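Remarks on the structure that follows.
Coordinate-derived values only; no laboratory data. No experiment lies behind these values; they were computed from the predicted model shown. Note that we place each Cβ from the backbone using ideal geometry, even for glycine, and neighbour counts take in every protein chain shown.
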Amino acid sequence: MSGHDKLEENSETEEGFSPGALFRRYRTQLTALATLLIFCLVGYAIMQLTNEVRYDDVVEALAETRLSSILLALFFTALSFLALVFYDINAIDYIGKRLPFPHVALTAFSAYAVGNTAGFGALSGGAIRYRAYTRLGISPEDIGRIVAFVTLSFGLGLAAVAAIALLVIANEIAPLIGVSSLWLRLIAAAILAVLGSLMVLGREGQVIEIGSVTLRLPDSRTWSRQFLVTAFDIAASASVLYVLLPQTAIGWPVFLAVYAIAVGLGVLSHVPAGLGVFETVIIASLGSAVNIDAVLGSLVLYRLIYHVLPLLIAILAVSATELRRFVDHPAASSVRRIGGRLMPQLLSALALLLGVMLIFSSVTPTPDQNLEFLSNYLPLPIVESAHFLSSLLGLALVVAARGLGQRLDGAWWVAVFSAVAALTLSLLKAIALVEAGFLAFLVFGLFVSRRLFTRHASLLNQAMTASWLTAIAVIVVGAVVILLFVYRDVEYSNELWWQFEFAAEAPRGLRAVLGITIISSAIAIFSLLRPATFKPEPADAEAVRRAVEIVEKQDSADANLVRMGDKSIMFSEKGDAFIMYGRQGRSWIALFDPVGSHHAVPELVWRFVEAARAAGCRAVFYQISPALLSHCADAGLRAFKLGELAVVDLRTFEMKGGKWANLRQTASRAQRDGLEFSVVEPAGIPAIIDDLSAVSNAWLEHHNAKEKGFSLGAFDPDYVMSQPVGVLKKDGRIVAFANILVTSAKEEGTIDLMRFSPDAPKGSMDFLFVQIMEYLRGQGFKHFNLGMAPLSGMSKREVAPVWDRIGGTIFEHGERFYNFKGLRAFKSKFHPHWQPRYLAVSGGGNPMIALMDATFLIGGGLKGVVRK
């Protein structure tokens with residue numbers, strides 16, 4: 001590897017090996033390890049807190065739960081999720097948008113159903129909202145504001161509710177957690193004081209700054225309304241668990257404070273769904289006042305009612321819209337389109353949940369009466385095999401869950417096979433009717449939504465990300481904790497591994513845990529140590545020829561940049577579309593939207609993202625249109641506004657009227673100066689190529705610049721001779737030229753290279769632009785693409801995302817580095833329509849690093865950027 005290559009490869013490591021730089025580089029891995037460590041500590045704490053509790057006592061307490069309590073829990077669950085829907089309604093109202101209520105309700109309900117169950121990666125509430133709202137025309141920055149509003153309102157509301165409850169009933173809570181009531185009131189008062197100060201300082205939407213964090217709170221009316229929604233939600237969700245607890249002396253206000261604290265710590269732990277953390281806080285707080293076995297039974301029911309049931313309802317609702325008899329109604333058809341975006345994530349969350357259920361059930365004993373029944377009809381080897389294999393099928397469902405979220409057909413088949421097989425084995429191992437019912441529901445959802453899983457990709461080629469590996473590790477640790485809890489009275493011995501009897505439950509659990517541990521470790525090793533795939537190479541002549549054939553049949557003139565041959569090309573399976581891209585550092589950067597057939601776009605986006613991930617890199621889409629955002633959202637990419645594209649409508653372009661006066665004067669002056677314009681077709685360019693090269697070299701030398709690449713063309717004779725060239729002559733000598741990029745569709749024309757001799761008359765650039773636009777209009781072209789103005793059109797509102805605020809500041813004050821405002825002003829002279837363009841980055845990647853890599857790729861590496 002050359003020194004130049006090393007410089008480019010190490011562009012991300014210039015900060016050295018400081019602790020801060022290392023943390024930023026390995027933040028995902030360190031967070032995953034911290035999450036796993038927290039869960040292990042939580043598991044140990046649960047074992048200590050339940051030292052006197054036995055599994056049979058928990059089962060008995062669960063069976064004694066009254067039907068009226070379950071019905072009340074269902075009622076309060078419905079109230080809580082109704083309140084959760086209004087989080088999104090208020091957020092959308094806050095950003096000044098209006099969306100149909102059914103769409104918002106389905107999106108919000110699904111986001112919370114999935115987020116409460118899993119809550120990581122693509123199975124987070126924010127990811128669900130991003131997928132759905134992009135389809136409804138909400139911009140990425142506005143979706144970010146919706147997610148921020150929902151997250152902030154829940155966090156602040158949870159803190160306020162807990163503080164108010166602590167302040168009022170500190171005397172009752174103090175004995176439960178062993179802290180002085182005075183200290184509790186002081187903590188509560190401090191929290192309320194901070195929240196009150198934020199509300200006063202941020203009244204009427206004013207911006208407040210806390211260190212490096214800039215925060216804009218809603219106005220008083222929005223704040224008050226949302227606080228009531230949050231308080232109602234927390235009160236209702238707390239009531240779900242409260243009514244499931246046995247009769248106790250603990251009052252509802254006391255329990256509300258305990259519940260709010262448990263939820264908050266569960267969220268902060270980053271453990272998926274707060275699993276274990278929430279339970280530990282509840283047990284530790286209520287263990288002295290309520291029988292722990294009853295608390296554990298209530299917690300199991302709470303998880304089923306508040307977490308599992310809404311997920312099943314969301315899948316059932318979307319499945320209903322998939323059935324043919326509902327499609328004819330326009331409203332149902334519209335909801336069905338949104339449901340189609342949500343269903344893969346819903347089924348992914350359910351597959352993950354049922355996989356966990358199968359694994360956990362493999363380490364818990366079968367009811368004695370069921371075992372006795374099975375012993376009369378089935379031989380022991382079948383029961384033993386069914387028990388062991390069902391745990392492995394549970395792990396298969398967990399692995400398939402990630403592929404379901406990505407709409408892989410292979411994942412669909414694995415999930416169907418695993419669910420059907422596990423359904424059969426659940427009856428053979430324990431006559432587990434409830435377990436079989438859940439699995440049958442998953443199979444139903446998979447078959448109803450079969451049309452959504454059309455991506456032909458191998459499940460084995462999908463490397464598990466850090467968040468998924470962490471989730472699997474948490475599941476395995478959880479299974480070990482449950483095994484130790486259930487069989488804590490069984491003394492361990494090596495002989496346990498080899499005991500095969502109907503009544504030998506502990507050995508079956510040991511063997512199941514060993515099996516899932518070995519397979520999980522193999523999955524982790526395969527994902528972490530798999531070799532990176534090939535490094536992309538520039539396309540060969542045949543690939544460029546095929547790409548040019550596609551370019552000629554479509555509308556985008558910029559796609560002609562593929563003729564440069566400096567980019568790699570990824571074709572669709574049918575060869576009717578392609579993505580052109582380059583690699584810089586750890587970024588694979590695709591230029592523009594995919595080119596070609598619109599039907600091939602979704603699959604191409606997925607293939608590109610997966611190829612980048614398989615190579616250990618991030619996927620980046622540079623200068624993409626709003627039309628691609630929904631496909632990027634499906635693939636798990638986040639979009640950030642990059643600037644605005646200036647497009648002139650040639651059908652209405654004419655040099656008449658007052659607004660064109662300056663350009664008319666410029667054109668007249670150029671003609672008086674003796675400038676002559678003409679267009680040279682490709683066949684005539686070889687005769688003038690030396691003259692064009694001389695102008696180009698003089699322009700580069702005059703500006704002390706070097707040729708660029710990637711999103712900009714360079715003066716390559718073959719490239720210049722592939723398309724028409726507009727030239728300006730003075731006294732018979734070429735003093736300026738621009739190559740004109742066009743396609744046979746005649747939808748759009750643009751220019752790439754524009755070079756001038758140092759002695760070209762003033763105003764030559766404006767004159768050349770005007771003449772080229774008039775030429776294209778005469779040829780029947782509809783639009784002229786003036787190119788993008790970087791960082792133009794960034795939101796200036798106080799509620800704008802941080803990315804927009806940074807970009808807007810650079811645009812306003814960055815003239816020292818680049819003439820952002822001047823470029824926008826020049827393009828504005830032609831009175832164009834401005835269209836947003838975006839940068840999309842995969843996997844929560846840092847957009848600044850992606851943008852820096854794109855800049856290096858265009859400039860030819862770090863040296864090229866430094867030299868201009």
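Amide H contacts of residue 728 (H built 1.01 Å from N, in plane; Pro and chain starts excluded): 735, 736, 737 sit under 5 Å, all sequence-distant by 5 or more or on other chains.
What nm distance separates the two modelled labels at residue 712 and residue 825, each placed 7 Å from Cα along Cα→Cβ? Going by the 7 Å Cα→Cβ label model, 2.1 nm. So how far apart, in nm, are the two label points at residue 665 and residue 540 if each is 7 Å from Cα heading toward Cβ? For the pair residue 665/residue 540, the computed spacing is 5.8 nm.
Convex hull of alpha carbon positions in the stretch 539-607: directionally averaged projected area 4.4 nm².
I'd like the FRET efficiency for residue 151 and residue 316, computed as 1/(1 + (r/R0)^6) with the beta carbon distance as r and R0 of 22 Å, rounded to 0.05.
With R0 = 22 Å, the Cβ-Cβ based efficiency is 0.20.
Residues within the reach of a label modelled at residue 456 (point 7 angstrom out along Cα to beta-carbon, backbone nitrogen below 16 Å), restricted to the stretch 404-423, are 408-413. Compared with the alpha-carbon gap, the fully stretched path from residue 522 to residue 745 is longer by 75.0 nm at 0.36 nm per residue. Listed values for the stretch 428-445 are Karplus-derived 3J(HN,Hα) couplings in whole Hz (6.51 cos²θ - 1.76 cosθ + 1.60, θ = phi - 60°), namely 6, 8, 7, 6, 7, 5, 5, 4, 5, x, 4, 5, 5, 5, 4, 4, 4, x, and x replaces Gly and Pro.
Two numbers describe the Cα atoms of the stretch 489-647: Rg and Dmax, which are 24.3, 78 Å. Measuring between alpha carbons in the structure, the pairs from 553/827; 706/730; 553/762; 574/708; 641/829 lying more than 30 angstrom apart are 553/762; 574/708.
Between residue 729 and residue 489, the simple spin-label model (points 7 angstrom out along Cα→Cβ) gives 10.4 nm. Taking the Cβ-Cβ separation of residue 51 and residue 79 as r and a Förster radius of 30 Å, what is the calculated FRET efficiency to the nearest 0.05? For R0 = 30 Å, the calculated efficiency reads 0.25. Computed from backbone phi with θ = phi - 60° and the Karplus coefficients 6.51, -1.76 and 1.60, the 3J(HN,Hα) list for the stretch 505-510 is 6, 4, x, 4, x, 4 Hz; x is used for glycine and proline. Evaluated over the Cα positions of the stretch 31-110, the convex hull gives a direction-averaged projected area, one quarter of its surface, of 9.2 nm². The packing ranking, built from the mean of other Cβ atoms within 10 Å per residue, places the peptides 181-187, 495-501, 130-136 in the order 130-136, 181-187, 495-501, highest first. Just the number, please: percent antiparallel of the DSSP beta bridges in the stretch 708-791, rounded to the nearest 5. So the antiparallel bridges in the stretch 708-791 amount to around 80 percent.
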